[in-house]
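What follows is a single structure, written as structure tokens, with notes after it.
The values are calculated or read from the model by the stated rules, or taken from the named source; none is laboratory data. What you see is a predicted model; the values in this text were computed from it and never measured. Note that each Cβ is placed from the backbone with ideal geometry, even for glycine, and that neighbours are counted across all protein chains shown.
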């Protein structure tokens with residue numbers, strides 16, 4: 001991981017540790033974003049159509065596995081990409097629109113010893129300072145037509161990571177210019193229901209090229225990198241893929257105990273939510289005791305992977321911070 005210890009405006013390691021500690025204590029009421037087009041790609045045809053299908057397959061392999069080296073590990077499969085296609089079309093401006101078969105891609109990744117990262121992914125609030133050529137600070141938000149925002153958003157689209165761009169008012173900008181502390185950053189993230197915060201401080205060289213020091217923080221840890229604008233998206237994807245992706249061929253059994261189920265609507269809501277999760281293969285009811293139900297889940301990965309995925313939402317929350325840590329049983333409470 002690249003470090004920029006000389007960055008004048010970069011978030012310090014101490015600040016990152018503070019952010020992580022506070023994220024563990026403060027509920028951000030965040031919600032994971034379901035990225036439903038992980039297996040779909042639109043890209044220009046620059047050579048043959050077969051080459052375009054191969055390139056699309058490589059894009060999907062990287063996006064679904066969360067691994068930047070996924071394309072190189074596909075081997076000969078990339079030469080016969082059409083066998084994994086579910087549907088496709090060609091546009092008038094010579095672009096290929098293709099959707100790959102989910103089960104086939106997951107199987108392909110498993111054969112290549114690559115993990116599968118489900119569609120429920122953390123939402124990340126982006127706070128990017130891309131200074132003007134004269135060095136004046138410029139915080140980019142959802143309303144400002146900055147090329148850096150488009151560059152980062154495009155890279156995030158390719159990696160399948162959802163970004164949240166804030167709408168900064170003058171007070172927000174003044175706060176960030178002054179050097180927002182951890183609680184202030186968390187408060188800003190809470191306003192946008194974000195699971196994580198990505199802060200970028202850019203510096204331009206004499207030719208105007210922007211280098212950004214990136215700092216990512218969530219309740220799963222912190223990470224830093226220095227590089228291009230696009231490296232912010234790579235930092236998010238690389239970091240969270242290590243946390244949330246599971247081996248495509250790894251299926252485990254997890255006992256999940258959910259309290260606070262008071263009626264049939266609560267029961268239906270709980271079951272539907274669990275069944276909708278990408279990691280969950282099947283849900284079976286084992287026991288009912290008052291307002292508590294015990295489920296047996298078949299999951300891709302293990303209890304730790306499931307616990308982390310559940311933590312992205314506030315639908316089912318642990319009854320205690322230690323619930324499920326190091327075990328195959330999770331004790332949860334239904335939130336209303």
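Some notes on this structure:
- Meets criteria (modelled with pLDDT of 95 or more, in the same structural domain as residue 222 (by TED's automatic domain parsing) and farther than 30 Å from residue 52 by Cβ) for residue 163: no
- Subset of the range 120-151 [outside any loop (DSSP other than H, G, I, E, B) and either surrounded by fewer than 20 Cβ atoms within 10 Å (Cβ to Cβ) or over 14 Å from the mean Cα position of the chain (by Cα) (or both)]: 120, 127, 128, 129, 139, 140, 147, 148, 149, 150, 151
- Residue within the range 51-61 that is surrounded by fewer than 17 Cβ atoms within 10 Å (Cβ to Cβ) and more than 28 Å from residue 211 (Cα to Cα) present: yes
- Residue-level check: of (1) within 15 Å of residue 229 (Cβ to Cβ); (2) in contact (Cβ under 8 Å) with a residue 24 or more places away in the chain; (3) out of contact with any helix residue (DSSP H, G or I) (no Cβ under 8 Å at 6 or more places or on another chain); (4) crowded, with 17+ Cβ neighbours inside 10 Å, residue 164 misses just (1).
- Residue within the range 101-119 that is over 18 Å from the mean Cα position of the chain (by Cα), crowded, with 21+ Cβ neighbours inside 10 Å and either in the same structural domain as residue 238 (by TED's automatic domain parsing) or under 20 Å from residue 239 (Cβ atoms) (or both) present: yes
- Strands (runs of 3 or more DSSP E) fully within the range 172-291 counting 2 or more residues that are crowded, with 19+ Cβ neighbours inside 10 Å and in the same structural domain as residue 162 (by TED's automatic domain parsing): 196-204, 210-218, 221-227
Rundown of residues vs (1) over 18 Å from residue 43 (Cα atoms); (2) in a strand (DSSP E or B); (3) out of contact with any helix residue (DSSP H, G or I) (no Cβ under 6 Å at 6 or more places or on another chain); (4) not assigned by TED's automatic domain parsing to the domain that holds residue 43, yes/no style:
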| position | (1), (2), (3), (4) |
| --- | --- |
| 78 | no, no, no, no |
| 83 | yes, no, yes, no |
| 89 | no, yes, yes, no |
| 93 | no, no, yes, no |
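- Filtering the range 292-314 to residues that are part of a helix (DSSP H, G or I) and farther than 21 Å from residue 194 by Cβ leaves 303, 304, 305, 306.
- Being farther than 22 Å from residue 234 by Cα, modelled with pLDDT of 70 or more and either part of a loop (DSSP other than H, G, I, E, B) or in contact with a strand residue (DSSP E or B) (Cβ under 9 Å, 6 or more places away or on another chain) (or both) is not true of residue 29.
- Members of the range 37-76 that are in contact with a helix residue (DSSP H, G or I) (Cβ under 7 Å, 6 or more places away or on another chain), outside any helix (DSSP H, G or I) and free of Cβ contacts under 8 Å to residues at least 60 places away in the same chain: 41, 43, 45, 70, 74
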